[in-house]
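Have a look at the structure below before the remarks.
The values are calculated or read from the model by the stated rules, or taken from the named source; none is laboratory data. Nothing here was measured: the structure is a model prediction, and the numbers come from that model. Using ideal geometry, Cβ is built from the backbone for each residue, glycine included, and neighbour counts are taken over all protein chains shown. With ligands, DNA and RNA removed, areas are computed over all heavy atoms of the protein, side chains included. Shrake-Rupley method; radii C 1.70, N 1.55, O 1.52, S 1.80 Å.
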Amino acid sequence: EIPLYLGAEGPKNVALGAELCQGWVPMFISPYRMGVYEQALSTAAPDFEIAATITVNVNDDVNEALLPIKQQVGFYAGGMGAKSYNLHKNHIARLGFADAAEEIQDLFMSGERMRAIEAVPDALADEISLVGSKERILERIQDWEKSPVTSLLVSTQSVDTLRFLAEELL
C-alpha cells in the first residue's frame, strides 16, 4: 500500500485530506497554533499523519537564520496569487497574522519586495521553522514533538545540518 498525502493550506482542503487520505503535508505550520486546524482534522483517522515541511537553519544569529524563511513567506503571501485571492496570505491570516499578511501583500504588489520580506513577523518565521544554535533547535524541536505533527520534512541547504538532526533525533 502506498499512502496518499494531501498538500493543503485551506480548511476545506485540509478537511478533504483528513477524510480521504492517510496524511497531510502542510505549509507554514506552527506547532503552537494547531488549534487552527482542529475542525478540519476532526474526521481524521487515529493514525493520520501530519508531515510538516520545515526549514532548519543552524546559525547562532537567529535574525540572520530567519531571513530565508521571511523571504519565502514574503514571496508566497505577497506575490503568489491575485490581490483579491491569495491562499497563502489567507493562511497566514488564519494563523493570527492578518494585519501582517495584508501589509506583506500590499508591499510586495507595489514592488517593495524587500520591505515585504521585512514585514514578515519574526514570531511567525520563528514558529514555522527551526533556526538558531544547535541547542536552541534541540530545545524548540520538543514543541514539535508535543504537537500532532508526526514527521518533519526537513528543508536545509547544509549537509552538516541534516547530519546534526539525524544524529540527534534518530
When you scan the stretch 154-170, how many residues do you find that are surrounded by fewer than 16 Cβ atoms within 10 Å (Cβ to Cβ) and touching a helix residue (DSSP H, G or I) at 6+ places or on another chain (Cβ under 8 Å)? 2
Residues that are open to solvent by less than 50 Å² (accessible area, probe 1.4 Å), in a helix (DSSP H, G or I) and free of Cβ contacts under 8 Å to residues at least 24 places away in the same chain: does the stretch 142-153 have at least one? no
Conditions: (1) surrounded by fewer than 16 Cβ atoms within 10 Å (Cβ to Cβ); (2) closer than 23 Å to L130 by Cβ. Y5 meets all but one. Number of the miss? (1)
Could you grab the pairs with beta carbons closer than 8 Å, sequence gap of 6+ or different chains, first residue in the stretch 65-88 and on the phi > 0 side of the Ramachandran plot, second one open to solvent by less than 30 Å² (accessible area, probe 1.4 Å) and not small (G, A, S)? G81/H88; G81/K89
Matching residues in the stretch 8-30 (open to solvent by less than 20 Å² (accessible area, probe 1.4 Å) and in contact with a strand residue (DSSP E or B) (Cβ under 8 Å, 6 or more places away or on another chain)) number 8
